[in-house]
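The values are calculated or read from the model by the stated rules, or taken from the named source; none is laboratory data. Just so we're clear, the structure is a prediction, and the values are computed from it rather than from any experiment. For neighbour counting, all protein chains shown are included, and Cβ atoms are generated from backbone atoms with ideal geometry for every residue, glycine included.
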Amino acid sequence: MHKLAYPVIFLIYVTCCTAHATQQIYVTNNGNNTVSLCELDQSSGKLNQCTTTGSKFNGPESITFNHMKNIAYIANNDSHNITQCTRDITTGALNKCQTSGRKLFVPSSIKLNYSETFAYITNYEGSSITRCSISPNSYKLDHCNTTSAGFIGPTSIAISQTTPFTYISDADRNTLFKCTISQSDHNVSNCFPTGSGFHSPQGITLNFNEHYAYISNDWSSTVDLCQVDANSGDLIYCKSVLTGFSGNGSVALSPDNSHAYIPDAKSNSLLICLIEPSDGTLAHCETSEKTFNNPAGMAILDVTN
């Protein structure tokens, strides 16, 4: 009997330790003013052990983290502000949440520049982009000013980490814009349409090497895939690769670029798709077993480093 006990204990030990999550996904629930935190199974892409985290959200639409993964910024389109939370690096929980950022008008998306000196926020009803300075000590957003007008309904922003280009979706114009951020005054400028065939684009997401862009379209309930021209930064060869998106969110990509997550507000769930490494297309999509409440923005973190 004692000899049999040892392999049983050994098997339980292995199961425990290999199940440790290495990726976490945060999902904003626009319908009930919460943020969900789930562990991700890296091999299957499935969601496990979901719970709500953080506080002081009001119509949370978008979420982003700094490089150190210890600060989260959530855009609230109902209270017209940003919630800033501290992330527990051990559990992933959001705490010490406070208001950060002013002069916003239905903020729908927030992104940080590479050096994390500025945050850029799309104002859907303000038809503009707001730029805020990021305090190096408190990480708070200060000195917020509108830096670019001329849009009608900007919904999302993606800032390239390797080129001078920034991409902004304008849902009311059915258009994607390619812009630059000035090195002198850090304003968004020189915006020109790029790509084609969009239908109320809600979000734009660049993949890890910035060869592809994924655009979620509200009116057509589709996700488009565009190639990013390596020289000009233009979006080219755009085509629909998925039907089933609904709501106001963006596509999220796993850190290893193996899975894509698409919010579906109608079913209050996420679509989980495999990414074809050869061409970036989406395949073998499944609906998440975990449910949400009008899911919109998402952020996925690799928590192994």
Check: Only one residue in A252, A265, A260 is modelled with pLDDT under 95, aliphatic (A, V, I, L, M) and within 24 Å of T122 (Cα to Cα). Which one?
Finding: A265
Next item on the list: Kindly indicate whether any position in region 34-41 is modelled with pLDDT under 95 and more than 17 Å from the chain's Cα centre (by Cα).
Entry: yes
Next item on the list: Please indicate, with yes or no, whether at least one residue in region 269-277 is in contact with a strand residue (DSSP E or B) (Cβ under 8 Å, 6 or more places away or on another chain) and either hydroxyl-bearing (S, T, Y) or farther than 21 Å from Q42 by Cα (or both).
Entry: yes
Next item on the list: Give, as residue ranges, the strands (runs of 3 or more DSSP E) completely inside region 212-252 that count at least 1 residues that are acidic (D, E).
Entry: 222-228
Note to self: Can you list residue pairs whose Cβ atoms sit under 6 Å apart, with the first residue in region 174-192 being farther than 16 Å from C226 by Cβ and the second being of a type in the set (F, W, Y)? Count only pairs 6 or more apart in sequence or on different chains.
What the structure shows: H186/F118; C191/F177
Note to self: I'm trying to understand the selection: among the residues of region 34-47, which are in contact (Cβ under 8 Å) with a residue 40 or more places away in the chain and farther than 12 Å from L94 by Cα?
What the structure shows: C38, L40, Q42, G45, K46, L47
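What residue, among those in region 112-159 that are buried (at least 16 other Cβ atoms within 10 Å of the Cβ) and at positive phi, is modelled with the lowest pLDDT?
S127
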Note to self: Here is a check on your reading of the model: is D170 modelled with pLDDT under 95 and either charged (D, E, K, R) or under 16 Å from the mean Cα position of the chain (by Cα) (or both)?
What the structure shows: no
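Please enumerate the residues belonging to region 122-158 that are of a type in the set (V, I, T) and under 16 Å from L176 (Cα atoms).
The answer is T122, I129, I152, T155, I157.
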Next item on the list: Could you check, for region 258-268, whether at least one of its residues is closer than 20 Å to P295 by Cβ, surrounded by fewer than 17 Cβ atoms within 10 Å (Cβ to Cβ) and not aromatic (F, W, Y)?
Entry: yes
Notebook entry, point to check: Name the pairs whose Cβ atoms lie under 8 Å apart, with the first residue in region 113-140 and under 22 Å from T155 (Cβ atoms), the second in a loop (DSSP other than H, G, I, E, B) and among the acidic types (D, E), and 6 or more positions between them or separate chains?
Noted result: none
Notebook entry, point to check: Which one is surrounded by the fewest Cβ atoms within 10 Å (Cβ to Cβ), of the residues in region 64-111 that are of a type in the set (K, R) and in contact with a Cys (Cβ under 7 Å, 6 or more places away or on another chain)?
Noted result: K96
